[in-house]
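The values are calculated or read from the model by the stated rules, or taken from the named source; none is laboratory data. All figures in this text were calculated on a predicted structure; none of them were measured in a lab. Note that we place each Cβ from the backbone using ideal geometry, even for glycine, and neighbour counts take in every protein chain shown.
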Number of protein chains: 2
Amino acid sequence: MSFQRPPKTADELGLMRGFPPSPDARVTHATQLLGPYNRWSFQNIQKLNPTADVWRGNGPVAHFDEELGDIDEIPYQRRDGTTYTFGEMPELSYTDGIAVVHQGKMIYERYLNGMQAYTRHAWASGSKSMTGTIAAMLAYEGLFDLKAPVTTYLPELNASGWASATVRQVMDMTTAITFAEGKPDPLLEQPGMAHPSMVENWMYSVTMGWRARPQGYAGPETSYDLLATMKRAGKHGERFTYLTPNTDILAWIMKRLLDKPLADIMQERIWSKLGAERDACWVVGPTTEETSGSGLLTTLRDMARFGQMLLQQGWFNGQQIIPTAIVEDIERSAKGSSPYSHHWWMVNKEHGAYCALGFGGQMLYIDPRAQLVVAKFSSYPTPVDGGEEFFHAFAALPALANALVR
Amino acid sequence: MSFQRPPKTADELGLMRGFPPSPDARVTHATQLLGPYNRWSFQNIQKLNPTADVWRGNGPVAHFDEELGDIDEIPYQRRDGTTYTFGEMPELSYTDGIAVVHQGKMIYERYLNGMQAYTRHAWASGSKSMTGTIAAMLAYEGLFDLKAPVTTYLPELNASGWASATVRQVMDMTTAITFAEGKPDPLLEQPGMAHPSMVENWMYSVTMGWRARPQGYAGPETSYDLLATMKRAGKHGERFTYLTPNTDILAWIMKRLLDKPLADIMQERIWSKLGAERDACWVVGPTTEETSGSGLLTTLRDMARFGQMLLQQGWFNGQQIIPTAIVEDIERSAKGSSPYSHHWWMVNKEHGAYCALGFGGQMLYIDPRAQLVVAKFSSYPTPVDGGEEFFHAFAALPALANALVR
């Protein structure tokens, strides 16, 4: 067993220290998604981007019972055969905060890299699981039909590649959509960003507001406009292809039918009922549209509350927040063959476990068999999810689940 | 008495309706400060700008006792001699929300133009009074010396026009500073914005992030850099000249000495103690520096809480939040000759009343004699504070105060 040097914190790196911070210590909108700047930015996304707030409501906080357990010594094995312990994992995987809830009790809670219990952290693509869950709830209520073509609700897409896709295909990301292929992505020229499948498309990021418009930009004005330009490449419904714009289509349908921003829908349906400690936020694009596949910010415990609500089949804080049938459907998918369903990653068939996963190490891991929820925020130096830090986290969590089941 | 047609609401104007909103219904970062776009934007500043949040803390809300009074019929006279009633004033002065607290009880509370009790609204330049009050508290604690030159704390300003100014002069805006004079302000070309003394300087707004950098911008990178380029024009300490950069100097001194962002200082000193209903926010510039003279966002009741705390000489929510001596000093100034002191406007000598005032109709009116606090958020069509709507508000409040004293 070898304990590696812990990663440097934002403070140790000097990021954003001082008034003003020296130019080389600055984290900007342009560098916010890159390591090591993300050691600061993922806890400060609101300071770099416009956001829509999601009010927690006036109700009391739904506090977790605490029963801190000794799980630090639980071993896990990485794919190269080396063994580590759970307690080593948070630093090795550049954790900002990790909360472990077992049988409804908070058994482990740690904050690193300057994060506090009240800090809101980026979910990145983990946001998709929030949007997907809300969409599943509204479909269940009959607001829209999962079997209908998306153009039933969004006629703007009639001439696009989305035309023949159903809402269900969008929800499960089995659409066959391509866009802006062959265009160079300036972000790829950054060190540590050499994995094109894991970075958002440049034009997409620009229309969503995550990256600045270059001078002379003449592309689509809004993400809505961009979605309408996307083309089909193949047959919808045949295979899973991870593509963030699917989430935007889902969000657009909900906004269109309810005539409300996604932030307000989430407020009414989830956040006002969850007993959250703090408001949530969504990063918004140029027409204040939520970046529904990437822009959610919450505290760590609030992420854990959302996970625990799902683990409890929708019942939390004294009320049924989402219908049991939806969670049953997700759990059924977790035992099926697709790696992704309802905008959740299916990660352990035997346990029926599913997970929200986001760029840079964001995770909400829900394991029904182990009665386990793990919320984890991180700031990986290599945002590509094939880095070593990713495999630490993804070896430690199933090992923890197995130990808790025994 | 003539009741004018009420102003159109954001909804009636169609602003930001639909997904996406049609191009002519959009409110953007570029138009956010202009009427009628401000009917939407002043309640949605967070969706158009990066912000730093100010956590309310974990404590309970300090609820106001309610004793709704009948003040609608109290008459006031405008300067042209026409008479209106207090109940007419909110619509005539484009109010988004108004709360009246008398003897510690909420006697009047109205929301218009779609505003809700939980909505955070822009304080605009009313923010200065928050920054000034915090500065007065820290000076009282001895963190810095009001009689010292600002360069004692900010040596970066040694070669600037600020060099010989004291902190007290900055606090009372009796510095003699000029900058970027003669440069055309593109905002002035907008209809309704023809009053140069009331608009922020263009370059200043750009460095603070309120307005976009034009292509080829080669000015100062940050507001800190800009402050260091400002020149002296005359002798410091001779007369009051309203100039927002004074507030930035104050905030910079506090951030430098405490090594914390202004948002965090406000959190620790004020917001965590006030029993606020919601977090506050500050709009931030490119190095995430708070726009200390213009960027505060809070709910209406939270603004009233801050006012009531001052009316009660710093005691609120079961604790002394700011020292009595500071409020006594402000009240003494309110009976003096200067129109502005401690970053508050002095508005009624007889009553010792003082007021925070912000672009577009933001007011926190504190009248010790009448035991009255009025918090008012508005979205004037003419942001210039010489518009008719301004005089409605500024005639109605003293009339209300007089009626309550009788």
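Observations
- Residues that are part of a loop (DSSP other than H, G, I, E, B), in contact with a helix residue (DSSP H, G or I) (Cβ under 7 Å, 6 or more places away or on another chain) and farther than 28 Å from residue B:41 by Cβ, drawn from the stretch B:321-348: B:321, B:322, B:323, B:342
- Which listed residue, of B:30, B:99, B:62, B:52, is buried (at least 16 other Cβ atoms within 10 Å of the Cβ), touching a residue at least 40 places away in the same chain (Cβ under 8 Å), small (Gly, Ala, Ser) and outside any strand (DSSP E or B): B:62
- Index of the failed condition, residue B:277 passing every other in (1) within 14 Å of chain A (Cβ to nearest Cβ); (2) closer than 22 Å to residue B:344 by Cβ; (3) of a type outside the set (Gly, Ala, Ser): (2)
- Residue within the stretch B:2-19 that is touching a Cys at 6+ places or on another chain (Cβ under 8 Å) and either over 28 Å from residue B:317 (Cα atoms) or at the interface with another protein chain (Cβ under 10 Å from one of its Cβ atoms) (or both) present: no
- Selection over the stretch B:132-158 of residues that are under 19 Å from the mean Cα position of the chain (by Cα) and within 14 Å of another protein chain (Cβ to nearest Cβ) gives a count of 0.
- Residues of the stretch B:221-261 satisfying the condition of being within 11 Å of chain A (Cβ to nearest Cβ) and on the phi > 0 side of the Ramachandran plot: B:259
- Filter result (modelled with pLDDT under 95, away from chain A (no Cβ under 13 Å) and touching a helix residue (DSSP H, G or I) at 6+ places or on another chain (Cβ under 6 Å)) within the stretch B:20-62: B:36
- The sole residue among A:39, A:26, A:79, A:120 that is among the basic types (Lys, Arg) and within 30 Å of residue A:313 (Cβ to Cβ) is A:120.
- Residue under evaluation residue B:218, criteria (1) within 13 Å of another protein chain (Cβ to nearest Cβ); (2) small (Gly, Ala, Ser); (3) part of a loop (DSSP other than H, G, I, E, B); (4) over 15 Å from the mean Cα position of the chain (by Cα), criterion not met: (1)
- Selection of the stretch B:241-261 for residues being of a type outside the set (S, T, N, Q), buried (at least 16 other Cβ atoms within 10 Å of the Cβ) and not in a helix (DSSP H, G or I) yields B:243, B:261.
- Breaking point among (1) at the interface with chain B (Cβ under 10 Å from one of its Cβ atoms); (2) part of a helix (DSSP H, G or I); (3) acidic (Asp, Glu), for residue A:264: (1)
- Search result, residues across the stretch B:343-356 that are of a type outside the set (Ser, Thr, Tyr) and buried (at least 24 other Cβ atoms within 10 Å of the Cβ): B:343, B:344, B:353, B:356
- Of residues in the stretch B:282-320 being in a loop (DSSP other than H, G, I, E, B), touching a strand residue (DSSP E or B) at 6+ places or on another chain (Cβ under 9 Å) and of a type in the set (Val, Ile, Thr), the one nearest to the other protein chains (Cβ to nearest Cβ): B:288
- Taking the stretch A:120-175 as the range and being buried (at least 20 other Cβ atoms within 10 Å of the Cβ), aromatic (Phe, Trp, Tyr) and under 22 Å from residue A:309 (Cβ atoms) as the test, only A:123 passes.
- Every test in (1) modelled with pLDDT of 95 or more; (2) touching a helix residue (DSSP H, G or I) at 6+ places or on another chain (Cβ under 8 Å); (3) buried (at least 18 other Cβ atoms within 10 Å of the Cβ) is passed by residue A:110 save one, and that test is (3).
- Here the stretch A:102-121 is the region considered, the condition is being touching a Gly at 6+ places or on another chain (Cβ under 9 Å) and part of a strand (DSSP E or B), and the residue that is farthest from the other protein chains (Cβ to nearest Cβ) is A:102.
- Residue B:351, sole failed condition from (1) part of a loop (DSSP other than H, G, I, E, B); (2) within 19 Å of residue B:394 (Cβ to Cβ); (3) in contact with a Leu (Cβ under 8 Å, 6 or more places away or on another chain): (3)
- Checking each residue in the stretch A:142-181 for being more than 23 Å from residue A:242 (Cβ to Cβ), of a type in the set (Asp, Glu) and in contact (Cβ under 8 Å) with a residue 40 or more places away in the chain picks out only A:156.
- Check on residue B:352, closer than 22 Å to residue B:242 by Cα, without any contact (Cβ under 8 Å) to a residue 60 or more places away in the chain and in contact with a Lys or Arg (Cβ under 8 Å, 6 or more places away or on another chain): yes
- When each of A:192, A:161, A:142, A:182 is tested for being in a loop (DSSP other than H, G, I, E, B), at pLDDT 95 or above and over 30 Å from residue A:322 (Cβ atoms), the lone residue that passes is A:161.
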